[in-house]
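Peer 1: A single structure is presented below for examination.
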């Protein structure tokens with residue numbers, strides 16, 4: 001069985017009001033991840049994803065890849081053990 005992990009990524013830039021959370025949800029579901037994409041009051045989007053390390057790495061690469069809606073100016077990530085409490089992938 002592949003290693004499971006939890007990725008939390010904070011994405012800054014012009015990422016609210018441009019379909020960014022919908023785009024993240026679509027990519028995460030394609031990768032088989034569970035989690036959420038949430039707007040934060042300071043203009044960032046917080047992405048929480050659980051799944052294989054490879055799938056989470058792929059999502060992180062997509063977040064940084066320059067082909068997202070809006071304009072990403074930076075991504076900070078944190079890796080932790082999975083909690084197993086996430087179902088589906090939701091936009092908040």
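Values in this text are rule-based calculations from the coordinates and carry no lab data. Given the structure is predicted, the values throughout are model-derived calculations rather than measurements. All Cβ positions, glycine included, derive from the backbone under ideal geometry; neighbour counts span all protein chains shown.
Peer 1: Regarding region 9-92, what are the three Cα extents along the principal axes, ordered largest first, in Å?
Peer 2: Principal-axis extents of the Cα atoms in region 9-92, largest first: 30, 22, 21 Å.
Peer 1: Between residue 81 and residue 26, what is 0.36 nm times their sequence separation minus the Cα-Cα distance? Round to one decimal in nm.
Peer 2: Extending this stretch completely gives an extra 17.5 nm.
Peer 1: Each label point is 7 Å from the Cα along the Cα-to-Cβ direction; what then is the distance between the points at residue 64 and residue 10, in nm?
Peer 2: Once both label points are built, they end up 1.7 nm from each other.
Peer 1: In deg cm²/dmol and to the nearest 500, what is the mean residue ellipticity at 222 nm of the chain if only DSSP H runs of at least 4 residues count, each as -39500 (n - 2.57), divided by the residue total?
Peer 2: Helices in the chain give a 222 nm mean residue ellipticity of -7500 deg cm²/dmol.
Peer 1: On to the next question. If you take every DSSP beta bridge whose two residues both sit in the chain, what share of them, in percent to the nearest 5, is antiparallel?
Peer 2: 90 percent
Peer 1: What is the chain's relative contact order, in percent, from Cα pairs under 8 angstrom and six or more apart in sequence?
Peer 2: Computed value for the chain: 46 percent relative contact order.
Peer 1: Let me ask another. Quick check: the distance between the Cα centres of region 1-38 and region 41-62, to the nearest angstrom?
Peer 2: Using only Cα atoms to place each centre, the spacing works out to 4 Å.
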